[in-house]
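The values are calculated or read from the model by the stated rules, or taken from the named source; none is laboratory data. As the structure is a computational prediction, the values presented were derived from the model and not from experiment. Reconstructed Cβ throughout: ideal geometry from the backbone, glycine too, with neighbour counts over all protein chains shown. Calculation scope for accessible area: heavy atoms of the full protein, side chains included, ligands and nucleic acids excluded. Shrake-Rupley method; radii C 1.70, N 1.55, O 1.52, S 1.80 Å.
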Amino acid sequence: MSFSAQDEKYMRQALQLARQGVTLASPNPRVGAVVVSNAGDVIGSGFHTYDGVKHAEVLALEQAQAQAGGRAKGGTLYLNLEPCSHQGRTGPCCDAVIAAGISRVVAAMADPNPQVSGQGFARMRAAGITVQSGLMETEARKLNEAFAKFILTKLPLVTLKSGMTLDGKIAGPQGHSINAPAHEAGGAIAWVTSKESREHVQQLRHESDAIMVGVGTVVADDPLLTDRTGLARRRGVLRVILDSKLRLPLESRVVKTAKNDVLVFCSFAEENKRRELEARGVRVEQVALGLSEGRPDMQKVVARLGELNITSLLIEGGALVNWEALATSVADKVFFYYAPKILGGTASIPFASGAGFKQMSEAVVVKNMTLHRFGEDFAMEGYLRDPYAARD
């Protein structure tokens, strides 16, 4: 299927609009729409936000009607995702497209939602609309990979992020993280990664519904675990802590700043400590221990986050949490930042510790890798599984 330069131009606009819905649309998909008249003029545009309720194509069509009267009739609608065909919080968007008299729809991809998945396209074609899809599909699929994982499995897309030296070390022999020191202001800081890498981490945080660490990271580094981009969010990032014995210090910064946005998963809850944490705005939930390292069951934790409509989880753990994420197969993708440094030494902390896989044939395989450059660092982004493939 061939597309014109004009098609590419307006699809780029639709994708850019969709990106404005990052953290504003979750748990719904990120969607942008552009309406172009027969004369080639943009007469309507919009992007979806969950709180705004109305979908991107409806907003774009309404704007076209308000600004251009009947000029939307016979026009072309560009959007990065197939219009929905089912009744949810709103009516089927494909019906709105048909009613507006649109003659052609160009979509980047089909909706991964099983309730839609091609049915919106079919209904519009049955109404006589020319429907084309596949333009810039790779970009569109990446933009909504968290939605796809969530809508297919009711589980969040889990990204395992880490910053390390070239020899895979995340901390020195003392066990303190050299990539997230205790306080981020004042004094000399020996960061492992560059300023550019650390700024990009904030972008990953902004794109995530939740951030997870182990209590060991809190004890050692006292992080805030916040999104510091300053960009708008529909809901604050959920700060998740794995803490089997409820060791979370009351004087830690996450506790001091908790406003019902800190969730601790424990396996042994000392009642007094639990009450003290909850009185400070920390939510505490108890789950069974996992199979290794005496930690809360990672699979149950991730499933619980899905129940809370968390569609994307960024794990910024230490070596044991990283291993647990790999050993329990909860991680969907990895984002590793590498600094041009070599720490060496058997006492230094590796990216993942724990039992490790016993044979090379058991090793986790990373696919569809992309390399990025941040200052003097480079980063590797890759997938352990396809977010668009439903888990068995």
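Numbers at a glance
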| quantity | calculated |
| --- | --- |
| 19 Å cut-off, amide nitrogen to a point 7 angstrom out along His86 Cα→Cβ, residues in the range 1-40 | 26-31 |
| Amide hydrogen neighbours beyond the local backbone of Gly375, cut-off 5 Å, H modeled | none |
| Per residue value of the accessible surface for the chain (all protein chains in place, 1.4 Å probe), Å² | 44 |
| Virtual spin-label span in nm between Gln286 and Asn260, 7 Å along Cα→Cβ | 2.4 |
| Value of D in µm² per second that Stokes-Einstein yields for the range 263-383, Kirkwood Rh from Cα pairs, at 20 °C (1.002 mPa s) | 127 |
| Residue-span extension gain [Lys300 to Arg235] - 0.36 nm each, minus C-alpha spacing | 21.1 nm |
| Stretch gain in nm, segment Glu251-Phe3, where the contour uses 0.36 nm per residue and the Cα spacing is subtracted | 83.4 nm |
| Among (i) 25.1; (ii) 23.8; (iii) 22.6, the entry derived from the coordinates for Kirkwood radius over Cα pairs in Å | (iii) |
| Acute angle (nearest 10 degrees) that the helix 298-307 long axis makes with the longest principal axis of the chain, alpha-carbon atoms | 40 |
| Under 5 Å, built H, 5+ apart or other chain: amide partners of Asn80 | Gly32, Ala108 |
| Student exercise, the chain dipole from Lys, Arg, Asp, Glu Cβ charges, in Debye to nearest 20 | 420 |
| Per-residue HN-Hα couplings for the range 320-337 [Karplus 6.51, -1.76, 1.60; θ = phi - 60°; Hz; x = Gly/Pro] | 6, 5, 4, 5, 4, 5, 6, 5, 8, 6, 8, 6, 9, 8, 10, 9, 10, 9 |
| Highest-fluctuation residue, Ala210, Ala232, Ala327 considered, GNM on the chain with Cα pairs under 10 Å | Ala232 |
| Gained length - Ser103 relative to Asp386, 0.36 nm times residue gap less alpha-carbon distance | 98.5 nm |
| Descending principal axes extents, the range 100-141, alpha-carbon based, whole Å | 28, 22, 14 |
| Fluctuation leader among Leu305, Leu135, Leu371 - the chain, Gaussian network, Cα springs under 10 angstrom | Leu371 |
| Hypothetical label at Gln174: residues of the range 334-372 whose amide nitrogen lies under 20 Å (7 Å Cα-Cβ projection) | 342-351 |
| Label-zone membership for the range 344-370, site Glu376, 7 angstrom Cα→C-beta point, backbone N under 19 Å | 344 |
| Taking the chain and dividing mean pair separation by its residue count, relative contact order in percent (alpha carbons under 8 Å, at least six apart) | 16 |
| Within the range 264-367, trypsin sites (Lys or Arg not before Pro) in DSSP loop having at most 10 other beta-carbon neighbours inside 10 Å | Lys358 |
| Choice from Leu160, Leu343, Leu77 showing the highest fluctuation, given a GNM over the chain with Cα pairs closer than 10 Å | Leu343 |
| Compactness index (Cα Rg / 2.2 N^0.38 Å), the range 221-287 | 1.12 |
| Trypsin sites (Lys or Arg not before Pro) within the range 67-160, DSSP loop, no more than 13 other Cβ atoms inside 10 Å | Arg89, Lys154 |
| Whole-percent carbon and sulfur share, accessible surface of the chain, 1.4 Å | 52 |
